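Just below is one structure, and these are the notes that go with it.
The values are calculated or read from the model by the stated rules, or taken from the named source; none is laboratory data. Being a predicted model, the structure only gives us computed values, none of them experimental. All Cβ positions, glycine included, derive from the backbone under ideal geometry; neighbour counts span all protein chains shown.
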Amino acid sequence: MSYSTLFHIQQLVSDEELIQLTDDQGLAINQPVLDAAIGRVDERIDGYLANLAPVPVSPVPALITQYSAKLTLAELYFRRSSASLPEFLAKERADILKHLDELAKGKAKLVGLVLPAGQTATTLAKVVAPGSECYPINKLSEF
């Protein structure tokens, strides 16, 4: 399950611009390119959220959907070396990454984050390597 979709990104940019960012021939929105960018962004978001809740989070807080869409748009701009990241998007990207870092460090809260019954943010193990799973500490003894 992705945190954002084509619909969310279309709220940020015109279809014409999205075509330019995703399709090398400039014919149509390239859904596989878009999906790959969303996947990379969502993995990065999960890296920040892994200390707060099991990832991917579900239900997805509205703020995470917004973050996913905006970071995906930035990712698509980075895909095009000839397309410079618009200043407003560069600032938003920096602000989003800063907030995600604050969330990961426990310096900020995420409204709408639903934890499983009996689960608290402090009962999760830390991710030790990229791609690692995050397990509740009380489940680690089963391994």
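The rows are residues; the columns are (1) surrounded by 13 or more Cβ atoms within 10 Å (Cβ to Cβ); (2) farther than 29 Å from Asp101 by Cα.
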residue: Asp15; (1), (2): no, yes
residue: Gly26; (1), (2): no, yes
residue: Asn30; (1), (2): yes, yes
residue: Asp35; (1), (2): yes, no
residue: Leu49; (1), (2): yes, no
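Looking at segment 51-71, which of the residues that are surrounded by 20 or more Cβ atoms within 10 Å (Cβ to Cβ) and more than 8 Å from the chain's Cα centre (by Cα) is nearest to Lys105 (Cα to Cα)?
First pass over segment 51-71, keeping only residues surrounded by 20 or more Cβ atoms within 10 Å (Cβ to Cβ): 52-53, 57, 64, 67-71.
Remaining after also requiring more than 8 Å from the chain's Cα centre (by Cα): 52-53, 57, 70.
Values: Leu52: 9, Ala53: 13, Val57: 17, Lys70: 22 Å.
So, considering only residues that are surrounded by 20 or more Cβ atoms within 10 Å (Cβ to Cβ) and more than 8 Å from the chain's Cα centre (by Cα), the one nearest to Lys105 (Cα to Cα) is Leu52.
Scan segment 1-32 residue by residue and report those that are out of contact with any Leu (no Cβ under 8 Å at 6 or more places or on another chain) and β-branched (Val, Ile, Thr). If you could, list the steps in order and put the result at the bottom.
Of all residues in segment 1-32, those out of contact with any Leu (no Cβ under 8 Å at 6 or more places or on another chain) come to 1-5, 7-8, 11, 14-17, 20, 23-28, 30, 32.
Selection gives Thr5 alone.
Kindly check whether there is at least one residue in segment 30-40 that is touching a Cys at 6+ places or on another chain (Cβ under 9 Å) and of a type outside the set (A, V, I, L, M).
The answer is no, given that none of the residues of segment 30-40 is touching a Cys at 6+ places or on another chain (Cβ under 9 Å) and of a type outside the set (A, V, I, L, M).
Pick out, from segment 1-49, the helices (runs of 4 or more DSSP H) lying fully within it that include 3 or more residues that are in contact (Cβ under 8 Å) with a residue 12 or more places away in the chain and of a type in the set (D, E, K, R). I'd like the intermediate steps shown before the answer.
Numbers: elements: 6-10, 15-22, 31-49.
Those helices (runs of 4 or more DSSP H) span 31-49.
Give me the residue from segment 38-50 that is among the aliphatic types (A, V, I, L, M) and over 16 Å from Leu12 (Cβ atoms) and, out of that set, nearest to the chain's Cα centre (by Cα).
Ile45
Would you check if there is a residue in segment 89-103 being in a helix (DSSP H, G or I), touching a Ser or Thr at 6+ places or on another chain (Cβ under 9 Å), modelled with pLDDT of 95 or more and more than 19 Å from Leu21 (Cβ to Cβ)?
No, segment 89-103 contains no residue that is in a helix (DSSP H, G or I), touching a Ser or Thr at 6+ places or on another chain (Cβ under 9 Å), modelled with pLDDT of 95 or more and more than 19 Å from Leu21 (Cβ to Cβ).
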